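> Okay, handing you the structure first.
The values are calculated or read from the model by the stated rules, or taken from the named source; none is laboratory data. Note that this is a predicted model, so its numbers are computed, not measured. Reconstructed Cβ throughout: ideal geometry from the backbone, glycine too, with neighbour counts over all protein chains shown.
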Amino acid sequence: MKILILNGSPRGTGLISQMLGLMAEEGRTRGAEVEQIQISRLQVSPCTGCMACRSRRACILPEDDAQRILRKIQRADVLIVGSPCYWGNMNGHLKMVFDRMVYGMMEESPKGLPRALHKGKKAVIVSTSSTPWPFNIWFNQTRGVAKALREILKWSGFSIKGIIQKGGTKQHPELTESDRRKCREIIRKLST
């Protein structure tokens, strides 16, 4: 099993990074080939919205890390995406990466309806927010991140196998044993 982890957090030692690190460790323990990518370190030009990629099935912008990440997603069996909450949504750099590779995630039928290109693959979503629990859910903070990522992944054909939402990170800046258990358990479920 090939697991690709996209870390949308700019903080390499923050809670998202720690949670994704636990998942990577558990995946390797279970014999998976795991690759982690820190999105904030990538060089990605923003999408221009030209829509040429829809018919060409390739981005017209010069090759950058967006196309390289897409190739890695195409080879992966499992995609794990983590992002802190930024105004009820995923981190902007992560969003920019997904915007640039829409043509490789889904295609359109002649009538303009989406067709998934990653059917049969699994995905996991991880999100954190400083908004305390349960308000992080009620006020669409971590839920907003999960909803946005679920939309991208669902239309791309991924089956969402787990979502972890951790609120209150300002008051509780450390992972609990329950958080650690959730991270490991999701990977266990993926390998069965």
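> For region 16-59, which positions are outside any loop (DSSP other than H, G, I, E, B), surrounded by fewer than 20 Cβ atoms within 10 Å (Cβ to Cβ) and either in contact with a Phe, Trp or Tyr (Cβ under 7 Å, 6 or more places away or on another chain) or of a type in the set (Val, Ile, Thr) (or both)?
Result: Thr29, Ile37, Cys53, Arg54.
> Just to be sure I understand, how many residues within region 181-192 are under 27 Å from Leu117 (Cβ atoms) and either crowded, with 16+ Cβ neighbours inside 10 Å or among the hydrophobic types (A, V, I, L, M, F, W, C) (or both)?
Within region 181-192, the first condition is being under 27 Å from Leu117 (Cβ atoms), and the residues that meet it are 186-187, 189-192.
Still in the list and also either crowded, with 16+ Cβ neighbours inside 10 Å or among the hydrophobic types (A, V, I, L, M, F, W, C) (or both): 186-187, 190.
Residues meeting the conditions: 3.
Let's see how each residue does on (1) out of contact with any His (no Cβ under 9 Å at 6 or more places or on another chain); (2) under 30 Å from Leu175 (Cβ atoms); (3) modelled with pLDDT under 95:
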residue	(1), (2), (3)
Ile39	no, yes, no
Ala58	yes, no, yes
Val97	yes, yes, no
Leu113	yes, no, yes
Lys119	yes, no, no
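> Need at least 2 residues that are hydrophobic (A, V, I, L, M, F, W, C) and surrounded by fewer than 22 Cβ atoms within 10 Å (Cβ to Cβ) per element, so show me which strands (runs of 3 or more DSSP E) inside region 72-180 make the cut, counting only ones lying wholly within it.
Numbers: elements: 78-84, 106-108, 114-116, 122-128, 159-166.
In region 72-180, 159-166 are the strands (runs of 3 or more DSSP E) which contain 2 or more residues that are hydrophobic (A, V, I, L, M, F, W, C) and surrounded by fewer than 22 Cβ atoms within 10 Å (Cβ to Cβ).
> Between residues in region 110-138 that are on the phi > 0 side of the Ramachandran plot and residues that are among the hydroxyl-bearing types (Ser, Thr, Tyr) and surrounded by fewer than 14 Cβ atoms within 10 Å (Cβ to Cβ), which pairs lie under 8 Å by C-beta distance while being six or more apart or on different chains?
Gly120/Ser159
> Can I ask one more? State whether one or more residues within region 34-47 are charged (D, E, K, R) and within 30 Å of Pro110 (Cβ to Cβ). Write out each step before concluding.
Within region 34-47, the first condition is being charged (D, E, K, R), and the residues that meet it are 35, 41.
Checking which are within 30 Å of Pro110 (Cβ to Cβ) leaves us with none.
Among the residues of region 34-47, not one is charged (D, E, K, R) and within 30 Å of Pro110 (Cβ to Cβ), which makes the answer no.
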